[in-house]
1. Of all residues in segment B:64-86, how many are part of a helix (DSSP H, G or I) and either surrounded by 15 or more Cβ atoms within 10 Å (Cβ to Cβ) or not assigned by TED's automatic domain parsing to the domain that holds B:Glu123 (or both)?
2. Please pick out the residue among A:Gly93, A:Gly86 that is out of contact with any His (no Cβ under 6 Å at 6 or more places or on another chain) and within 11 Å of chain B (Cβ to nearest Cβ).
3. Take segment B:313-328 and flag every residue that is at pLDDT 80 or above and not in a helix (DSSP H, G or I).
4. Looking at B:Ile390, B:Ile399, B:Ile382, which is the one that is open to solvent by less than 30 Å² (accessible area, probe 1.4 Å), at pLDDT 90 or above and assigned by TED's automatic domain parsing to the domain that holds B:Val293?
5. Counting only residues that are more than 14 Å from chain A (Cβ to nearest Cβ) and open to solvent by 10 Å² or more (accessible area, probe 1.4 Å), which one in segment B:207-236 is farthest from the chain's Cα centre (by Cα)?
6. Identify the residue in segment A:141-154 that is within 12 Å of chain B (Cβ to nearest Cβ) and over 13 Å from the mean Cα position of the chain (by Cα) and, among all such residues, is least open to solvent (accessible area, probe 1.4 Å).
7. Would a scan of segment B:7-17 turn up a residue that is at pLDDT below 85 and surrounded by 14 or more Cβ atoms within 10 Å (Cβ to Cβ)?
8. Determine which single condition A:Ala147 fails, assuming it passes every other condition in (1) at pLDDT 90 or above; (2) in contact with a helix residue (DSSP H, G or I) (Cβ under 7 Å, 6 or more places away or on another chain).
Amino acid sequence: MNAIEVRELVKDYGSFRAVKGISFDVREGEVFGLIGPNGAGKTTTLRIIATLLRISSGSVQVFGNDLRREPHEVRKILSYLPEDAGAYKNLTGREYLQFIADFFASGRAADEIVKKGIEIASLSDRIDDKVDTYSKGMTRRLLVSRALMTEPKLTILDELTSGLDVINAQEIRKTVKSISEKGTTVLLSSHNMLEVELMCDRIALINDGRIVELGTPTELKGKHNASNIEEVFTKVVMA
Amino acid sequence: MSSLTNIVKKEFKEMLTKSTIIPVILMAVMFGYLGSMMGDVEEEVSTPPVIGLVDLDDGVISDIAFEVLNASSDMAYNGTDVDAGLEEVKKAGGVALIVLPANLSSDILNGSRGYIDVYWMMEGAGMLDAISSASVDSLLGSMSYGISAYLVNESSETDPAVVLFPVERSDTTIFQDEVMEDVSPDFLITMLSAQSFTVPFIIMMIIIMAGGMVISSMGLEKENKTLETLLTLPVSRGSIVSGKLVASALVGLVMAGIYMVGFNYYMTSIETSAEIDLAKYGLDLGPVDFILVGVSVFVSLLAALSMCMVLGTYAKNYKSAQTLTMPITLLAIIPMFITMFKDFGTLPLALQAVLFVIPFSHPMMAMRELMFGNYALVLGGIVYVTAFAIVMIAITVWIFKTDRLLTGSMKGKGLAGLLMKKR
C-alpha cells in the first residue's frame, strides 16, 4: 500500500500557481525526499499533505484517506515538523511534550508518549526549563522529539536538522532512520543534499512547481552521471 | 538620497500603513459625532427651556415670578390646574412645571420664606440629560433674584435671610411615568452615576483587555511559529477556536471580578451617603434583572472575543496584533462615552442605531435600562448580540478552515482585507 498518493496536484495562490499538477507516490515505510530550489513548491506540497493548505485541484490520499474529505483522519496518523517551527515559550519542554501527547492519548499512554519524547529530545535536566530559555538547537531537538514521539504512520519533516550542529544533526538523523525502520513513513525536504542522500530511499526533484526527476539516489546519480545528489540537483535545475 | 532621508522614508513606510491610518480616521469620525452631540447640547442650553406655570397666588410676588420666568422661557402652560399643567408641559416636551402656592406673596411679604413646588419632567438619566434641568434651575435662581430685588426696594424691615433667599422649593421628578417626590433630576442623576459611568467603564476595560489577549494570542501563535503545529494536531478547528474563546472569556471574567470588587466599594459608599431609597421608586434591580445583566455581559464578551478572533487571524506577529486591537478599542470607547452622557431614549435616531449596532453597548446600557423597566431594549440587545457572536464564531471557524491563517491572503477586499494586506 502506498502511504501517500499525489495525483495532478495543483495549488494556486490567487493568480499565482505554485504547484503545477504534480503526481508521485510515497511507499509505506520508506524515507522519501522532496528537494528543489527555493520557491519550487516543496513547502507548499508538504503543507498540503499536512492538511494545512487546501488543494486547488487534483487529489491526495494518505493511507487511503482522501485529504479533502477526511483531513481529521489524516491528522490522526501524521506529524508535521515545519522548517521554522517553534514551541510555546511559557511551557517547559516536558509540559510542551505533555500538551502534544494529550491530543493523541490519555493517562498512562500519554505519559509513555512523553517519556519517549524526552528520550528523543535528550535535553537531560533542561527538559524542565522553560522553552524560552532554550537555544535554537535545543528547541529544534524538542520539536523533532515532538514530531516523532507519537510514532506516527507518516511524518513530514521540513528541513529536519535546521539549526542543529553536526553532532546533534547526526543523532537526529539516526533517530529518524530508526523510527523509519520501525514502520513510520518519512517525507522530508532539505537543502542539505548530503542529508538527503544519506537518508532517502527515493527522491523527487521539484522545480518551478513540477516534478522534474524521481528515483533512488543511485538511479539519479547514474542517470546524470553525477558523483552525488548535489551535482544532480545542479545539473537538473540549471538545465 | 542622504542616509537620514533614507531612514526617514523607511520609517514612514513602516509606520504609515492602512492599518494605522484607518483607526485614526475612525477615531476622527467618532470625535465628529461627539462634537455634533455636544453642539446639540449647546443648542439645548441656549434655547429657552419649555416650562409650565401654575399660579395659585395671584399676588405681587407671583407677578414678579411670572415676569422673570416668562422672559427667559417658552411657557407651554400658564394656569391654575396642576394636572392640566403637567399634561401640557409633557405634551410640549417641557422640562418643568412650577407651582406657585396661594399664600406665596403673603408669606414672603410677611417676612417668611415662600415655598414653591417644581415638577420635573425627566427624559433621560445620562449626565448630559441634566442640562435641560440646569437651565430651569438657573431660571429659578433669576426668579429668586427678582423677588430679592423687589424686597430690597420695597421693605427695609424684612429679614435679610428672607430677602436674600425668598423662595425655597420642593422638587418632584417625573421620570418614565414614575413620580418621585423630594427628588431633583440632578440628585437622581448623581445617584445613578454608578450606572452612568462605572458600568460602561468596567465593560469597556474588560472588552479591551480580554479582546487584546485573544488577538495577541493569535499574533504570538504566528510569531512563535506554533500555529502550524497546532493546526496539524488531531483536534477540530472548532475546538481550537472554542478553546481560545473559553480561556480568554474566563480570564475576562476574572478581570471583571477584580473590577467588581472595586465597584462594590464604590456602590457601598454611594448607598451610605444616599439620602433617598431608590428602591422606593422601583429603581432597583431584582434577581431576574441581575440575570439579564449577566447574560448581556456574557454574550457581549463572547461577541467581542469572537470578533477579536477574526481580527487576530490578520495578525502576523505580536506587534501587528497590538495594532489590530484598535477597532475593538474604538467600538468599546464609543458606546462608553455615549451611554455615559445620554440615555438611549434621548439620543437622536441615527445615534440610537449606531449604539444598538455596536454589540458592546448593550451591557453598558442594560443596568440603567432595566432599572427603568425597558426590558424590550435589553432583551432585543441580548438576541442581537447573541446572533452577532454566532456569526463571528462561524466566520472564525471558516477562516481556520481556509489557507488564510497561514498564507495571510484572502480574495476578499473588505476593510479586513485592507488591514491584512499591509501587515
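1. Going through segment B:64-86, the residues part of a helix (DSSP H, G or I) turn out to be B:64-71, B:82-86.
Now drop any that are not either surrounded by 15 or more Cβ atoms within 10 Å (Cβ to Cβ) or not assigned by TED's automatic domain parsing to the domain that holds B:Glu123 (or both), which leaves B:64-66, B:68-69, B:82, B:85-86.
Selection size over segment B:64-86: 8.
2. The conditions single out A:Gly86.
3. Result: B:Thr313, B:Tyr314, B:Ala315.
4. B:Ile382
5. This residue is B:Gly212.
6. Across segment A:141-154, the extreme among qualifying residues is A:Leu142.
7. Yes - at least one qualifying residue is present in segment B:7-17.
8. Every condition holds for A:Ala147 apart from (2).
The values are calculated or read from the model by the stated rules, or taken from the named source; none is laboratory data. Please read these numbers as outputs of a predicted model, since none were measured by experiment. Virtual Cβ from ideal backbone geometry, glycine too; neighbours counted across all protein chains shown. The accessibility values were calculated without ligands, DNA or RNA, using every heavy atom of the protein model including side chains. Shrake-Rupley method; radii C 1.70, N 1.55, O 1.52, S 1.80 Å.
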